[in-house]
1. Looking at the protein assembly as shown, what % of its DSSP beta bridges pair antiparallel, to the nearest 5?
2. Normalising by the residue count of chain B, find the relative contact order in percent from Cα pairs under 8 Å and 6+ residues apart.
3. Does the protein assembly as shown come out rounded, prolate or oblate, given a ≥ b ≥ c as the square roots of the eigenvalues of its C-alpha gyration tensor, rounded meaning a/c under 1.5 and, failing that, prolate meaning a/b above b/c?
4. How shielded is A:107-114 by partner chains, expressed as the average number of their Cβ atoms within 10 Å of its Cβ atoms?
5. Hey, for A:Asp208 with labels 7 Å out along Cα-Cβ, what do the inter-copy distances come to in nm, ordered shortest first?
6. How many square angstrom of accessible surface are buried between A and B, both sides summed, with a 1.4 Å probe and rounding to 100?
7. Straight-line reach only, C-alpha to C-alpha below 18 angstrom: list the lysines that A:Lys86 could link to, leaving out same-chain residues fewer than 8 apart.
8. Determine which aspartates and glutamates satisfy two conditions relative to A:Lys55: a Cα distance under 15 Å, and not lying fewer than 8 residues away in the same chain.
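The values are calculated or read from the model by the stated rules, or taken from the named source; none is laboratory data. Keep in mind it's a predicted model, so treat the numbers as computed, not measured. For neighbour counting, all protein chains shown are included, and Cβ atoms are generated from backbone atoms with ideal geometry for every residue, glycine included. For accessibility, only protein heavy atoms count, side chains too; no ligands or nucleic acids. Shrake-Rupley method; radii C 1.70, N 1.55, O 1.52, S 1.80 Å.
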Number of protein chains: 2
Amino acid sequence: LESKKQRTVNRVFVAEGEKIVAELMSSSVFKVHGLFAVKEWISANEKQLHKTGRKAVEFSEKELEQASSLTTPNKVLGVFEIPDWKTDDTEIKNSFSIVLDRIRDPGNMGTIIRTADWFGIKNIFCTEDCVDCFSPKVVQATMGSMTRVKIHYCQLEKLFELYRNVKVYGASAGESDVFNTKFSKAGFLLIGNESEGISDQLEKYVTDKISVAKFGGAESLNAAIATSIICAVYRNQYFK
Amino acid sequence: LESKKQRTVNRVFVAEGEKIVAELMSSSVFKVHGLFAVKEWISANEKQLHKTGRKAVEFSEKELEQASSLTTPNKVLGVFEIPDWKTDDTEIKNSFSIVLDRIRDPGNMGTIIRTADWFGIKNIFCTEDCVDCFSPKVVQATMGSMTRVKIHYCQLEKLFELYRNVKVYGASAGESDVFNTKFSKAGFLLIGNESEGISDQLEKYVTDKISVAKFGGAESLNAAIATSIICAVYRNQYFK
């Protein structure tokens, strides 16, 4: 399940660690496919297991370590079904969504999902070649936020065509400062690839360019950082 | 040089990749100790090498891969002397500095250094048990920003005692919103450990608590993200 192909074929993914597994188990969005845990985790979580009607397979710490794709060993490893997130037309037309163009770094993807959750953003749209949100590193970095944020992989051109009346805020360098932007309540925040920025095909859908003003020498701002600052400023204008 | 001990004893560290090595080589802060590169890099950088009076040792791609501590192989690996960053009393008394309490994640440390550079923040103070800023992953994540930001490892209690008149903004959950904060021009932004927050010993030096308001379900915000949002709001009030 460490490869995207295997996850796509089997429609399941792996989540590791007590916190994330607990969040996913208690969410109605994710269905447990299998649980593998050390004895002490199983006895501590008897109630929760009983509620979901699931049994955990007892693994020794060594077995878990071998099954894990992460460097820090965990007490529990869960296999969950990949959810079928539905887009909600009214939601998209009335709220602020994040749109990712070829984000490649798992840490960035995970942090963006977690930040979206912090700011109450419900939908993230991704080009099909963005890093898979069910890869182990992304799942880890989301800290359980996938239970509250829906992630859609799709053709962004079609999305923008479909919602022609929704503004597209394109994060780019040197253009108008985010702090001077008066946001619409509904909008797409388009974030480009880590080294190449927004692609030409998508650039033409941008209705408003926004940037985080630079005061020092760094050549660029990390994609997840730029996303977060813009979302924070948006949320300061629309606190729901 | 992959261990902190070896770096401390030898006072040198490793930087990998063309961009970072070029930035460090052209900076007056960093002295080249040794360069190891593939033939094509050496011929492309003849001028620069001549200027610094340094010779690069030719390595095959395989040799570089073996010497590298990163997964993606690079064309050049540089060994640089660890600089002796001096604090500047006037600078500290008149500007905004970042202060890190037990930040452990190399990605967070690197991103914070890069973001500080973006916002023109000159000094970062760290507890001695923060992740070492010269570890390979941090150096990589800074993208060369270490040439413009000074990083000081010290006892933070002493720092705060020494600058009793400088405000200490403590990032914490649920307290007053950063967007409602009227910053002083000079200040310390204190960021706590990824899972434990600010320690009790340092908490007592905090003069103003600030938070990034939460609108969704995420339990916490990533430390580098919180730092960046607060720095962005500060910079919007004091553009130098």
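1. 30 percent
2. Across chain B, relative contact order equals 20 percent.
3. In terms of gyration-tensor shape, rounded.
4. On the way: counts 6, 2, 0, 1, 7, 1, 1, 7.
Across A:107-114, the average partner-chain Cβ count within 10 Å equals 3.
5. 2.7
6. On the way: alone 12920 and 12910 Å², together 22810 Å².
Chain pair A/B: roughly 3000 Å² of buried accessible area.
7. Partners found: A:Lys31, A:Lys122, A:Lys150, A:Lys158.
8. Output for A:Lys55: A:Glu40, A:Glu46.
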